[in-house]
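Student: My questions all concern the structure below.
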Amino acid sequence: MSATAFHVLETVQRHCALGLRFWDVAAATSQIDGLEIDVFPVLRPHLRRRAQPNLSFIYTVPGLAGLAAFEHADVDPPAAWAVPLRRYRVEVRDPRGRFLAIAFDADLPVRGIFHWRAPWLSPPQSISLPTESGSPPMPLLDRIPLFSAPSRSVPEPLAAIYAQLAFEDERPCAWALLQATIGDAHGLGLADEQGRVAVLFPYPAPPRPPLTSPPAPRDDFHWDVQLTALVQPPASPAPSAVPPIADLGDVLRQLDFPQRLIGSLDSPASDLDPQPLEYRVPLTVRTGAAPSSRLYVSTV
């Protein structure tokens, strides 16, 4: 049998305008599949394209409206990237119900993995999230954070804290952040449009057990957790409607606006005390003596 020689006559080169990597804030992983990601020009939302993940969990979007010439350009980098930037909107949803939907703007094309930068900073730059394990704050860099939906099944072995956040005038704290702190460990959750929030995060290291022989097994660990709302004071007058999807910039800007939580409505109202968190026991927090199950946020 004779070998057949093949000769490459030509190669087809395509440039990718956008690559997205996501970050599960609760489980601290970028291995996330099953997302529905639509990308479209900000002024032409009907020209949507759906992103697809590769084996490295990077989502790419071919065929974006307005970027055909860039994608099919028959030139090598860096010449291919020397084109005017266009603004696109990215909407991220999870049909499996693990994460809350979120949206953000992106100027495309972008080389490499997309790096989200805080638009309220000048110049726009990366910001950091509190870590779950006492490490230094984690810069987002090339990872887009995703926050757990209140109905998400709790991945083992994470702690779970639930609440329904509301301002004192009964308005829900839509798209507010709730931070849980135990010593140097942190958890961060995002409220939905009704103020319902789940903070899922790894348990801190258990206290050192007493020396016994043989060591006695224990699962009765507990901690005191401090909760802080991160939300801008309510606008006056109230907006006519809550945005149907959280904007990533609006969400993360709230990291600079810590607010007190109300523990009791007795006169005078008192701040929320640290809450007891038990190992493998979900914690639901509410304002005492409130007419509902809400946890009220004070902006005074």
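Student: Looking only at the range 17-35, how many residues end up being farther than 30 Å from residue 82 by Cα, touching a residue at least 12 places away in the same chain (Cβ under 8 Å) and part of a strand (DSSP E or B)?
Tutor: Number satisfying all stated conditions: 1.
Student: Kindly indicate which of 149, 174 is over 17 Å from residue 24 (Cβ atoms) and either surrounded by 18 or more Cβ atoms within 10 Å (Cβ to Cβ) or not assigned by TED's automatic domain parsing to the domain that holds residue 283 (or both).
Tutor: Step by step, each of 149, 174 is checked, and only 174 is over 17 Å from residue 24 (Cβ atoms) and either surrounded by 18 or more Cβ atoms within 10 Å (Cβ to Cβ) or not assigned by TED's automatic domain parsing to the domain that holds residue 283 (or both).
Student: Let me ask something else about it. Out of all the residues in the range 254-294, which are of a type in the set (Lys, Arg), in contact with a strand residue (DSSP E or B) (Cβ under 7 Å, 6 or more places away or on another chain) and not in a strand (DSSP E or B)?
Tutor: Within the range 254-294, 286, 294 meet the criteria.
Student: For the range 169-209, list the strands (runs of 3 or more DSSP E) that sit wholly inside it and hold at least 2 residues that are over 18 Å from residue 151 (Cβ atoms); which are they?
Tutor: Because the criterion is at least 2 residues that are over 18 Å from residue 151 (Cβ atoms), the strands (runs of 3 or more DSSP E) in the range 169-209 that meet it are 177-182, 185-190.
Student: Out of curiosity, is residue 165 more than 16 Å from residue 101 (Cα to Cα), modelled with pLDDT of 95 or more and assigned by TED's automatic domain parsing to the domain that holds residue 244?
Tutor: Against the criterion (more than 16 Å from residue 101 (Cα to Cα), modelled with pLDDT of 95 or more and assigned by TED's automatic domain parsing to the domain that holds residue 244), residue 165 qualifies.
Student: Another one. Inside the range 161-197, can you point out the residues that are out of contact with any Ser or Thr (no Cβ under 9 Å at 6 or more places or on another chain) and small (Gly, Ala, Ser)?
Tutor: The answer is 174, 176, 183, 191, 195.
Student: I've got another one for you. Could you tell me whether any residue of the range 229-243 is in a loop (DSSP other than H, G, I, E, B), within 26 Å of residue 104 (Cα to Cα), at pLDDT 80 or above and of a type in the set (S, T, N, Q)?
Tutor: Yes, the range 229-243 contains a residue that is in a loop (DSSP other than H, G, I, E, B), within 26 Å of residue 104 (Cα to Cα), at pLDDT 80 or above and of a type in the set (S, T, N, Q).
Student: Is it true that some residue in the range 203-220 is exposed (fewer than 13 other Cβ atoms within 10 Å of the Cβ), modelled with pLDDT under 90 and in contact with a strand residue (DSSP E or B) (Cβ under 8 Å, 6 or more places away or on another chain)? Spell out how you get there, then give the answer.
Tutor: First, pick out the residues of the range 203-220 that are exposed (fewer than 13 other Cβ atoms within 10 Å of the Cβ): 205, 207-220.
From what is left, the residues that are modelled with pLDDT under 90 are 205, 207-220.
Remaining after also requiring in contact with a strand residue (DSSP E or B) (Cβ under 8 Å, 6 or more places away or on another chain): 220.
Looking for residues that are exposed (fewer than 13 other Cβ atoms within 10 Å of the Cβ), modelled with pLDDT under 90 and in contact with a strand residue (DSSP E or B) (Cβ under 8 Å, 6 or more places away or on another chain), one finds at least one in the range 203-220, hence yes.
Student: Checking residue 56 against (1) within 30 Å of residue 159 (Cα to Cα); (2) touching a strand residue (DSSP E or B) at 6+ places or on another chain (Cβ under 8 Å), only one condition comes out false. Which one?
Tutor: Of the numbered conditions (1) within 30 Å of residue 159 (Cα to Cα); (2) touching a strand residue (DSSP E or B) at 6+ places or on another chain (Cβ under 8 Å), the odd one out for residue 56 is (2).
Student: Okay, moving on. Specify the residue that is surrounded by the most Cβ atoms within 10 Å (Cβ to Cβ); the eligible residues are those in the range 236-266 that are under 14 Å from residue 298 (Cα atoms) and of a type in the set (Gly, Ala, Ser).
Tutor: 263
The values are calculated or read from the model by the stated rules, or taken from the named source; none is laboratory data. Note that the structure is a prediction, hence the values are computed from the model and not measured. Cβ coordinates were reconstructed from backbone atoms using ideal geometry, including for glycine residues, and neighbour counts include every protein chain displayed.
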